[in-house]
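The values are calculated or read from the model by the stated rules, or taken from the named source; none is laboratory data. Treat the numbers as computed from the prediction; the structure is a model and nothing was measured. Methodologically, a virtual Cβ is constructed for each residue, glycine included, from the backbone with ideal geometry; neighbour enumeration extends over all protein chains shown. Ligands, DNA and RNA are stripped out before the accessible areas are found, and what is left, the full protein with its side chains, is counted by its heavy atoms. Shrake-Rupley method; radii C 1.70, N 1.55, O 1.52, S 1.80 Å.
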Amino acid sequence: MEIQVVENVLKLNDELAALNRQNLHAAGVVSIDVMGAPGCGKTALIEATIPLLAPIRVGVIVGDLATQRDAQRLARATSQVVQINTGKTCHLEAHHVRQAIGRLDLRQLDLLFIENVGNLICPVGFDLGQDVKVGVFAVTDGDDKAAKHPYIVTESQVLILTKIDLIPHVPFDLDLFRADVKRLNPDVTLLELSSTSGQGMQAWVEWVKSRMICASGHAESLPG
Ligand code: MG
Ligand code: ZN
């Protein structure tokens, strides 16, 4: 009985996710689900990325249990920001994204970041209709997080190790972290960067641009 309920919930989520994907693709919007623990630097990454992507038009859906704080921060980088407050739900679901998409002008967007609720576990299990899942780890959270949270590693197309500028100051075995990532997902792109110093940001921006070209199928359809 309980298994049946869980299966139905996931089935409904998948149906809404498919609808989101259809709506976003119809509007020519590429979407990236950004997942990671609280404080790993998801918002900072998106904030730093938006100006580097100009003239690509970027919108953000940002999920948190409470407050509009991330949306207020991101509003300085783009006018198209929607904050979702999930209350006691520790991840975004497709219906949250569906509601938020309704408040965006998709025709004025090329790219949509969906910042998931800070959590390394259940965001991985919910399809939102995104094109790409990106997992974020921070050097300040310890070098064991990839090994301890294998599903975010195996389900992401890109993994980002943030706060790389702090590596001289924290105990973090970079070789161990890289080896864990490689073992769990040999095909994943691992990018090491700092949103605050700017180190490694260009490689990330190039990756996003190449993914957008790949999605559109025509390089010339990208603005700029
Ligand atoms: Mg945030
Ligand atoms: Zn959850």
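Here the mean projected area of the convex hull built on the C-alpha positions of the range 71-143 is 6.1 nm². With each label modelled as a point 7 angstrom along the Cα→C-beta vector, the ASN85-ALA54 pair spans 3.2 nm. Taking trypsin sites (Lys or Arg not before Pro) as exposed when DSSP calls them loop and at most 15 other C-beta atoms lie within 10 angstrom, the chain has its longest site-free stretch at 104-224. Which one of ILE61, GLY36, HIS149 is farthest out on the positive end of the charge dipole of the range 4-153, using unit charges on Cβ (Lys, Arg +1; Asp, Glu -1) and the Cα centre as origin? Of the listed residues, the answer is ILE61. For the residue pairs LYS133/LYS182; LYS88/LYS182; LYS11/LYS42; LYS133/LYS163; LYS133/LYS209, the alpha carbons lie more than 23 Å apart in LYS88/LYS182; LYS11/LYS42.
Applying 0.36 nm per residue to the separation of GLN202 and SER216 and subtracting their alpha-carbon distance, the gain on full extension is 2.9 nm.
For the range 23-95, the average shadow cast by the Cα convex hull is 5.2 nm², which is a quarter of the hull's surface. Three semi-axes describe the equivalent ellipsoid of the chain; taken as square roots of 5 times the Cα gyration tensor eigenvalues and ordered largest first, they are 25, 22, 17 Å. Working note: Debye formula, equal point scatterers on the alpha-carbon atoms of the range 1-133, no solvent; log10 I(q)/I(0) at q = 0.10, 0.11, 0.16, 0.20 Å⁻¹ is -0.30, -0.36, -0.75, -1.17. Using the Cβ-Cβ distance between ALA75 and ARG98 with R0 set to 25 Å, the FRET efficiency from 1/(1 + (r/R0)^6) comes to roughly 0.70. Mean separation of Cα pairs under 8 Å and 6 or more residues apart, divided by the residue count, gives the chain a relative contact order of 24 percent. Solvent-accessible area of the chain (1.4 angstrom probe, protein heavy atoms only): carbon and sulfur portion equals 55 percent.
Couplings for the range 115-132, taken from phi via the Karplus curve 6.51 cos²θ - 1.76 cosθ + 1.60 with θ = phi - 60°, read 7, 6, 4, x, 4, 8, 9, 6, x, 4, x, 10, 5, 9, x, 5, 8, 9 Hz in order; Gly and Pro are left as x.
Please report the net charge: other residues with Cβ closer than 12 Å to the Cβ of SER194, K and R +1, D and E -1.
-1
How much length is gained on full extension from ALA147 to ALA26, taking 0.36 nm per residue of separation minus their Cα-Cα distance? Length difference between fully extended and current span is 39.8 nm. Counting only protein heavy atoms and a 1.4 Å probe, the chain has 47 square angstrom of accessible area per residue.
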